[in-house]
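As structure tokens, the structure follows; a few thoughts come after it.
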Number of protein chains: 4
Amino acid sequence: MTTAELELTTASTATQRTSVTMKALVYHGPGKCTWEDKPRPVIQDPGDAIVRLTTSTICGTDLHILKGDLPSVTDGRILGHEGIGVVEHVGMGVSEFHIGDKVIISCVTACLKCDFCRKGMYSHCRHGGWILGNTLDGTQAEYVRIPHADGSLYNFPAGGDEEAMVMLSDILPTGFECGVLNGQVKPGDTVAIVGAGPVGLAVLLTAQFYSPAAIFMIDLDEKRLAVAKQFGATALINSADGHAVHKVMELTEGAGVDVAIEGLPATFDICQAMVAAGGRIANVGVHGKPVQLQLEKLWDRNISLTTRLVDTVSTPMLLKVVRSGKLQPSKLVTHRFAINDIMKAYDTFANAAKHGALKVVLTNGAPR
Amino acid sequence: MTTAELELTTASTATQRTSVTMKALVYHGPGKCTWEDKPRPVIQDPGDAIVRLTTSTICGTDLHILKGDLPSVTDGRILGHEGIGVVEHVGMGVSEFHIGDKVIISCVTACLKCDFCRKGMYSHCRHGGWILGNTLDGTQAEYVRIPHADGSLYNFPAGGDEEAMVMLSDILPTGFECGVLNGQVKPGDTVAIVGAGPVGLAVLLTAQFYSPAAIFMIDLDEKRLAVAKQFGATALINSADGHAVHKVMELTEGAGVDVAIEGLPATFDICQAMVAAGGRIANVGVHGKPVQLQLEKLWDRNISLTTRLVDTVSTPMLLKVVRSGKLQPSKLVTHRFAINDIMKAYDTFANAAKHGALKVVLTNGAPR
Amino acid sequence: MTTAELELTTASTATQRTSVTMKALVYHGPGKCTWEDKPRPVIQDPGDAIVRLTTSTICGTDLHILKGDLPSVTDGRILGHEGIGVVEHVGMGVSEFHIGDKVIISCVTACLKCDFCRKGMYSHCRHGGWILGNTLDGTQAEYVRIPHADGSLYNFPAGGDEEAMVMLSDILPTGFECGVLNGQVKPGDTVAIVGAGPVGLAVLLTAQFYSPAAIFMIDLDEKRLAVAKQFGATALINSADGHAVHKVMELTEGAGVDVAIEGLPATFDICQAMVAAGGRIANVGVHGKPVQLQLEKLWDRNISLTTRLVDTVSTPMLLKVVRSGKLQPSKLVTHRFAINDIMKAYDTFANAAKHGALKVVLTNGAPR
Amino acid sequence: MTTAELELTTASTATQRTSVTMKALVYHGPGKCTWEDKPRPVIQDPGDAIVRLTTSTICGTDLHILKGDLPSVTDGRILGHEGIGVVEHVGMGVSEFHIGDKVIISCVTACLKCDFCRKGMYSHCRHGGWILGNTLDGTQAEYVRIPHADGSLYNFPAGGDEEAMVMLSDILPTGFECGVLNGQVKPGDTVAIVGAGPVGLAVLLTAQFYSPAAIFMIDLDEKRLAVAKQFGATALINSADGHAVHKVMELTEGAGVDVAIEGLPATFDICQAMVAAGGRIANVGVHGKPVQLQLEKLWDRNISLTTRLVDTVSTPMLLKVVRSGKLQPSKLVTHRFAINDIMKAYDTFANAAKHGALKVVLTNGAPR
């Protein structure tokens, strides 16, 4: 880039700064959020990109935020950390994306340069991590500013389906990295997934990359269990009667499971009770308080227990598998709304059991 | 075991030693083998088992032996290293198998005690390795003596199909260990398999355990390529025109493949020409002479090249996957013969292209 | 082995059965054990060996047993699971050891044949595991019967030192496998070891196989910390003031340690408080009750927590390293007693702080 | 960064562009290079940094370039890809380094953003790789432009020694990654290093991170072998008599070595002849023509052969180990010259045997 070009870009950045507005879902304290006017974001740092959203979705974490569970999210924040869109502006330091590129936005922002990013732990990036819809304005809007765009966006594949691809923003890498990779699922393994919500189902879909011999899905909701059956679970266990562990032990002839994937805090006890000697417990859920670990039973069982915030390092690989047709994430989508109806979408998602909802997709109209 | 029992077993061993005969396929030098009478094998060591065969098969290596390519195989040797059968006698040191157990015979004999076995390299077992039908009498017979039975037999699963299970003696672990494991096939990878014979097809079937995004099958024979298509190959390349490498480069947009699995010595050059930077070449074929390695092209490409004689350490896992229904090895069987027709079976297998033959299964009748 | 030989061995076994006595340390309920006459052990199974002990030692677990903490140990049991000796008899199924061989006895008995042994999890061997001095008579005696001898004994290296080698029975593989391997210590890592007792020091010695940049040793006892300094610890932290975590954070500029190795139940809290994001907590201690796991702090920290009963699969490697001179385990020995003075030895070991005792070695005299 | 700041930086970049000269070693075709005036480099891209060199060194590759072996190096190129210096200017996209920072320059330039960098294969970076002193002007000069500075520079540690640290530019990561990591050196292993030149000695130093039981150094030069002895080799083999393989087999009781590290094309045959079953051959040397691979001997030996251009992904770890004092790379430095005497330094290095030279360090004086 020559000096002349540098100046040109700077000029264009300046022009872009004229204040125009957009619609966005703004958090105003526990229980309150509105679809309202906000200024369109502008380039602030050389690594930034501005993306016009075409598709987004709602995450279970967004519901926690709305309840006020995350103090890092403050009044005035635009919510959302998942989305598909088109690049409208890029800073001078962005080299991998250009205006007009269609992109998948990763829920985790990665500078790629810090010690954590260099180790593949983007979740702990010293300049990023999970910040969208958390400490920075997010994707449930018409436009979003993506810092460190080169590490935080992925090219949308030609011919791809936006509904499928938006699952790559968060839910698929989360299920895969925190559940399947950390659980070290191997061919022939017996796997139990506790919780058949969207993330549990993402675990179920991606666990099959490694051809386990059996996958037990455990949940309280018969409808979700029925979905799990269609998605490849080999046995369904309704834990409502409190006998899930007993049933797992019967199915495994007393051995327990090689991998227990824990999707909800309440299921931690089930997981530690049913893991086989030599097995792995992979924590996927978000925990708000301590749990009791039965080390008096587990100390000599050669088990491992892992925690992880999704790093999204697997996104390039997941993209390849989705493109190959071996993974069809659009199966997770049950409801669709125009972005202007986002309040209805939240209502549907917040009452998932009633509506049989898994993932709820939001479609943005043409830019104003 | 009490002293009394020890004596009893010794006595029974003695009784068993009365010489009775059986039929077996005996090698008599290059090009000569006959289905003839031989003494039934007896227990010679405490770790031995005598197995009455119910199903066996013929390996490409058996054809090499018949041509006289393997000097370790001498006149009088009973051929064959694959089979299913029923345990008829066990030595005093055998603890895992009992008379009447139906078993899968591994092509590799493992003492489990030596340094190589302790490292999982059964192929280099100091007291075993590939000896059946090589330096010891083999399985193309009515009975076979299996040394180190506890490490060399596997329980036949209840409800299993003998035709499917006999593929676990050799061809499936060979394809899986030498090709797939050594090639480190991962989800999203692009894999090329050169050679669509039985072992190449076993690679194809087991590579899918890890959900590669693309599998190219390369062969000269259109019929075998058509089979590969049914077995899951995503692209077929007939290399008859000498442009296989060019086609692979087109399919991979110039990158080459992540994993090149070499099933025939003649294909080594193709493999090194089409492996991507960071890729793996996994040798599966048996080589009789040196090859030229293009280190001037590969030294800075971060590739690995592996060789391996099958260890059969993956057999327990493969058994689990076959039982789960995710792998259906009986697809490899194209022809069936009664054991008494073994000469016809060899003729069919030796002229595989003409007969469209892959694996040829031999069924033993009831014991005499 | 011919039938004649089989009979001979049987005869010899019979002869060997004449009841002769030996001295042994026998447990008679909590707080009670005596050095008394017991019948010498005899071959009971084909895989057995009888070993005449020349050196043994006392483990912290033996003290727990004496207190009555392990219900599996019943009245009349000979204690001890560590030792060096000479093979006096072998069963017919033993192939790797012969009469007169000098051997190291592993604390874990491994059949090598079961599914757990095949996976390298000897600790969970279906026919063995930790049974010596637990559910079977042990090594604090003049003779001991070792079941599955081929998997449970190791050749004593020519020119070896018995005091050094007896550390290979338990303490070195325990520290190495449960602490160092499970903790995945890597070059450049920062490691904290909590507890400078014999096992903690074994962790310290074997962690250095992987060249961590820093090893912090944490203990309450200044004498043990001083030993740790000599053994290679790069920083010593006396946790008596309750500020161990604070000091670790200072030393690591707030990052915490890559690996926290927990040697005592009481130190579990310290470990989880000082592990870095992406780090590992390796449990080494024996736990009698549950602990509280701060999942609300750890769920998004990408940590792993492991438990393990020593498998002794690393013993062949440890032997090589000891022979190379890179590991000098005799440094762990502080006190020596004749076996007849075993009661004094227990007293010294039980009051380790007072006596500055680490490992206490027992030397057997010539056989009677 | 605000728009105002952006403009400021642009202005400063413009100012910096006034043409001033520096001294540099310039290649003018085979056999010709001169220490001559060249324009000082300036920022060309937002990711660039300009570094004023304080220390540099000469690599064996530089000698190859001088001979005309590398067609990618053309007339007018400044040589050199190793160095320590101080950052004088940074582009707007550089976030990790600032003016005045003392830095280690990596021989490999990494954008950190492309698919290869994301996989840790910086050597194949789509925008970098080994370009310094190759396709771009290098470090044997007073100033150098470093593209993608955030991925290609490392902070010089406080209190570090420039002579030691300049070994981190190339030779230490090359020996470690291509030799030790690819060779998978493990505790207890037997390792042979063929070639005791600077890179071979870097392999020797870094192999000891993993505590192999034995390291054999093989070379023709007794002086270099003597150095290897001081650096930790456990056996020295002078291969002048053509019996190196025989000696290795004697030392390993016929087994061969677990890891054979090949530092020179001429030694490839030795490596394949002495690798044990299950062993690894790690190629480190630069090859100009094909080699013969004895697949007829190796096909069933379960070996792996690897190639690699150094990625420098291990540099952060190596820095930690150097800082901990466990690795003292300044031992590799035998000769020191002022940068103005670079022609003498080349002469010494090119006649290494005569001068007993290993690494030759060049010290730059104060900036003009």
Among helices (runs of 4 or more DSSP H) entirely within the stretch A:193-271, at least 1 residues that are of a type in the set (K, R) occur in A:222-230, A:244-251
- Query: Does any residue of the stretch C:125-143 turn out to be within 14 Å of chain B (Cβ to nearest Cβ) and surrounded by 21 or more Cβ atoms within 10 Å (Cβ to Cβ)?
  - Reply: yes
For A:F268, the lone unmet condition from (1) more than 9 Å from every other protein chain (Cβ to nearest Cβ); (2) buried (at least 19 other Cβ atoms within 10 Å of the Cβ); (3) free of Cβ contacts under 8 Å to residues at least 40 places away in the same chain is (1)
Taking the stretch D:192-215 and keeping only residues that are surrounded by fewer than 24 Cβ atoms within 10 Å (Cβ to Cβ) and within 16 Å of D:V275 (Cβ to Cβ), one is left with D:A214
- Does A:I146 qualify as being among the β-branched types (V, I, T), over 14 Å from the mean Cα position of the chain (by Cα) and away from every other protein chain (no Cβ under 11 Å)? yes
When the stretch C:167-184 is checked residue by residue, the ones that are away from chain D (no Cβ under 14 Å) and hydrophobic (A, V, I, L, M, F, W, C) are C:M167, C:I171, C:C178
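With the requirement that a residue be of a type in the set (K, R) and farther than 20 Å from C:A266 by Cβ, what does the stretch C:215-248 give you?
Hit for the stretch C:215-248 is C:K229, nothing else.
Any idea which of D:G188, D:G254 is out of contact with any strand residue (DSSP E or B) (no Cβ under 9 Å at 6 or more places or on another chain) and on the phi > 0 side of the Ramachandran plot?
When all the criteria are applied, what remains is D:G254.
For every residue, the table says whether it meets (1) within 10 Å of another protein chain (Cβ to nearest Cβ); (2) assigned to a helix (DSSP H, G or I).
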| site | (1), (2) |
| --- | --- |
| B:G278 | yes, no |
| B:V286 | yes, no |
| B:K289 | yes, no |
| B:T312 | no, no |
| B:M317 | yes, yes |
| B:T334 | no, no |
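Could you list, in sequence order, the residues of the stretch C:15-53 that are of a type in the set (V, I, T) and either assigned to a strand (DSSP E or B) or crowded, with 17+ Cβ neighbours inside 10 Å (or both)?
C:T21, C:V26, C:T34, C:V42, C:I43, C:I50, C:V51
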Exactly one of C:I99, C:I58 is modelled with pLDDT of 95 or more, in contact with a strand residue (DSSP E or B) (Cβ under 7 Å, 6 or more places away or on another chain) and surrounded by fewer than 18 Cβ atoms within 10 Å (Cβ to Cβ), and that residue is C:I99
Of those in the stretch D:61-87 that are surrounded by fewer than 18 Cβ atoms within 10 Å (Cβ to Cβ) and among the acidic types (D, E), the residue farthest from B:K297 (Cα to Cα) is D:D75
Taking the stretch C:112-124 and keeping only residues that are of a type in the set (A, V, I, L, M, F, W, C) and surrounded by 24 or more Cβ atoms within 10 Å (Cβ to Cβ), one is left with C:C117
Of the conditions (1) closer than 30 Å to C:W130 by Cα; (2) out of contact with any Lys or Arg (no Cβ under 6 Å at 6 or more places or on another chain); (3) buried (at least 18 other Cβ atoms within 10 Å of the Cβ), the single one that A:M249 does not satisfy is (3)
**Message:** When you scan the stretch D:84-100, do you find a residue that is in contact (Cβ under 8 Å) with a residue 12 or more places away in the chain, closer than 21 Å to D:A357 by Cα and not hydrophobic (A, V, I, L, M, F, W, C), even just one?
**Reply:** no
Might you let me know whether the stretch C:301-314 holds any residue that is crowded, with 18+ Cβ neighbours inside 10 Å and at pLDDT below 95? no
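Let's see how each residue does on (1) farther than 12 Å from B:L318 by Cα; (2) away from every other protein chain (no Cβ under 14 Å); (3) touching a residue at least 12 places away in the same chain (Cβ under 8 Å):
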{"residue": "B:A158", "(1), (2), (3)": "yes, no, no"}
{"residue": "B:M165", "(1), (2), (3)": "no, yes, yes"}
{"residue": "B:K186", "(1), (2), (3)": "yes, no, yes"}
{"residue": "B:G195", "(1), (2), (3)": "yes, yes, yes"}
Within the stretch C:244-262, of all residues that are within 15 Å of C:N182 (Cα to Cα) and within 12 Å of chain A (Cβ to nearest Cβ), the one modelled with the highest pLDDT is C:D258
Taking the stretch C:92-109 and keeping residues of a type outside the set (D, E), within 19 Å of B:H127 (Cα to Cα) and either within 18 Å of the chain's Cα centre (by Cα) or within 13 Å of chain B (Cβ to nearest Cβ) (or both) leaves C:M92, C:G93, C:V94, C:S95, C:F97
Residue hits (the stretch A:206-231; within 14 Å of another protein chain (Cβ to nearest Cβ) and either farther than 24 Å from B:L181 by Cβ or free of Cβ contacts under 8 Å to residues at least 24 places away in the same chain (or both)) are A:F216
Selection from the stretch D:18-50 of residues within 14 Å of chain A (Cβ to nearest Cβ) and touching a Ser or Thr at 6+ places or on another chain (Cβ under 6 Å) yields D:I43
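The values are calculated or read from the model by the stated rules, or taken from the named source; none is laboratory data. Values in this document were obtained by computation on a predicted structure and should not be read as measured data. All Cβ positions, glycine included, derive from the backbone under ideal geometry; neighbour counts span all protein chains shown.
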